[in-house]
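Heads up: the structure comes next, in structure tokens.
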Amino acid sequence: MNNHPIEGRLRDALAARAQQFSASPDAWQQVQAKDAGLSGHRGGRRGWPGAGWLARHSGFVIPAAAAATVAAVVLGATALTHGFSGTRSTVPGLTVDQAVKSVSCPANPASGEEQQQVGVPLPAGFVAQAAIRCIVTDLKVPGQGRWQFQLRQVAYNGLAQLTTALRRPSMPTPANQLCALPGIAVEPFSLLGRNGQLIAPRLPTEICGGPQRQALTALGALHWKTVAAHRTVQVETQQGLASGCAAAWKDMIGVLADIDHGRTLRPSGGGPVFGPQPASLLVCEYRDRAGQDNPYLLGGGQVSGTTETSLLQGIASGRATTTCTLPRTTFAVLLPPHAPPAYVEIDGCHRVLRPDNGIAQATTAALAIINQVRQG
């Protein structure tokens, strides 16, 4: 158990928050959304759904057999536990505290990657004494910005109803049945039996591979208690929180360059990036931490007047090519009110992604203004 003073002060609050996570069958999705959704809208302006907005499509109709395969591998329509292999058998007599410590949390939550394992049926005679999970969520730490936490949680009540639901048979998939891609994700968990055996159980599925309603209802009825909180990586600096910038803007220059070999990008002849000039700009600077899908908010703020004019003049130059071979880790997003943003490379080749997907060039004077805004 983590004895860091900040984690200690937060533990009671985390325990209360855990009740919110289990309040309904879809609470697991609320955890995955991490307060503001995958779009990162935790305050500040909402991301513009224009260039670089990548939608997740879940309405495709596919054969039922394929849907069941997708459910088993991707969705956790079977229950999945981080870092588990097989049934995760343990020495009989394992205590709850030992079991909690043995459940693996994601090693690198910032990467968004999880080790997942298909669960197994409950053995005959298995009686659960505790449900255990490790979830990842973001929390503000007073004066220190927003951090990601691993929360180890235990539930003791409602296990009989859960095990009954888990023992239900999965429904067979009719031949030639058409199914939508499954869209219900279940937060990984495990069950500790009275004999000390720790199991990642399998959830019985409907005909199209989604978890059965009885299992989701039983999971939603569990009352999770946070027993350990471990702070991992910083998501936003304190300056970033004060800036009004959203935490999860992506490096869209890099994202679009990777799509179809960058064919969606084109050289720009230059000219005003925004027309007419907006009354103000929100300038937000980020650094890629574990690839371009995991940005780290450094800070930002509003610019207007002559400073804004100078900044916009500094990103209005054209560029003959769209490519860049220099490494890049830092970028800025320039957000006008009610209009698509522009993106600026702070390092690398100092390219500018205009709202029309044209690639322009930033001057050193424009980069200096952006850095000054970030520093406050």
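The values are calculated or read from the model by the stated rules, or taken from the named source; none is laboratory data. Everything numeric here is computed off the predicted structure, so don't read it as measured data. Here the Cβ is made from the backbone with ideal geometry for all residues, glycine too, and neighbour counts use every protein chain on show.
Scan region 276-320 residue by residue and report those that are of a type outside the set (A, V, I, L, M, F, W, C) and within 15 Å of Ala365 (Cα to Cα).
Keep residues of region 276-320 that are of a type outside the set (A, V, I, L, M, F, W, C), which gives 276-278, 280, 285-289, 291-296, 299-302, 304-310, 313-314, 317-319.
Within region 276-320, Thr306, Thr307, Glu308, Thr309, Ser310, Gln313, Gly314, Ser317 meet the criteria.
Taking first residues from region 245-260 that are in the same structural domain as Leu282 (by TED's automatic domain parsing) and within 26 Å of Trp147 (Cα to Cα) and partners that are surrounded by fewer than 21 Cβ atoms within 10 Å (Cβ to Cβ) and among the acidic types (Asp, Glu), the Cβ contacts under 7 Å between residues at least 6 apart in sequence or on separate chains come to Lys250/Asp293; Asp251/Asp288.
For every residue, the table says whether it meets (1) in the same structural domain as Ala248 (by TED's automatic domain parsing); (2) over 20 Å from Lys250 (Cβ atoms); (3) in contact with a Cys (Cβ under 9 Å, 6 or more places away or on another chain); (4) surrounded by fewer than 16 Cβ atoms within 10 Å (Cβ to Cβ).
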{"residue": "Pro272", "(1), (2), (3), (4)": "yes, yes, no, yes"}
{"residue": "Gln277", "(1), (2), (3), (4)": "yes, yes, no, yes"}
{"residue": "Asn294", "(1), (2), (3), (4)": "yes, no, no, no"}
{"residue": "Gly299", "(1), (2), (3), (4)": "yes, no, yes, no"}
{"residue": "Val303", "(1), (2), (3), (4)": "yes, yes, no, no"}
{"residue": "Glu308", "(1), (2), (3), (4)": "yes, yes, no, no"}
{"residue": "Phe331", "(1), (2), (3), (4)": "yes, no, no, no"}
{"residue": "Arg351", "(1), (2), (3), (4)": "yes, no, yes, no"}
{"residue": "Asn357", "(1), (2), (3), (4)": "yes, no, no, no"}
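For region 124-179, a tally of residues being among the polar types (S, T, N, Q), surrounded by 14 or more Cβ atoms within 10 Å (Cβ to Cβ) and not in a loop (DSSP other than H, G, I, E, B) returns 7. Scanning region 339-370 for residues that are under 27 Å from the mean Cα position of the chain (by Cα) and polar (S, T, N, Q) yields one hit, Asn357. The number of residues in region 251-278 that are touching a Phe, Trp or Tyr at 6+ places or on another chain (Cβ under 7 Å) and in a loop (DSSP other than H, G, I, E, B) comes to 1.
The set of residues in region 251-265 being of a type in the set (D, E, K, R) and over 21 Å from Ala366 (Cβ atoms) consists of Asp258, Asp260, Arg263. Could you list, ordered by first residue, the pairs with Cβ atoms under 6 Å in which the first is in region 307-328 and more than 21 Å from Pro272 (Cβ to Cβ) and the second is of a type in the set (D, E, K, R) and part of a loop (DSSP other than H, G, I, E, B), at least 6 apart or interchain? From region 307-328, the pairs are Arg328/Asp347. If you check Gly125, Gly158, Gly143 for being without any contact (Cβ under 8 Å) to a residue 40 or more places away in the chain and of a type in the set (Gly, Ala, Ser), only one passes: Gly125.
Tell me which residues, restricted to region 219-250, are assigned to a strand (DSSP E or B) and either acidic (Asp, Glu) or crowded, with 22+ Cβ neighbours inside 10 Å (or both).
Passing the criteria: Thr226, Ala229, Val235, Glu236.
Looking only at residues of region 305-354 that are of a type in the set (S, T, N, Q) and part of a loop (DSSP other than H, G, I, E, B), we find that the one that is farthest from Asn294 (Cα to Cα) is Thr321. Among the residues of region 279-296, those identified as at pLDDT 85 or above, in a strand (DSSP E or B) and more than 12 Å from Ile346 (Cβ to Cβ) are Leu281, Leu282.
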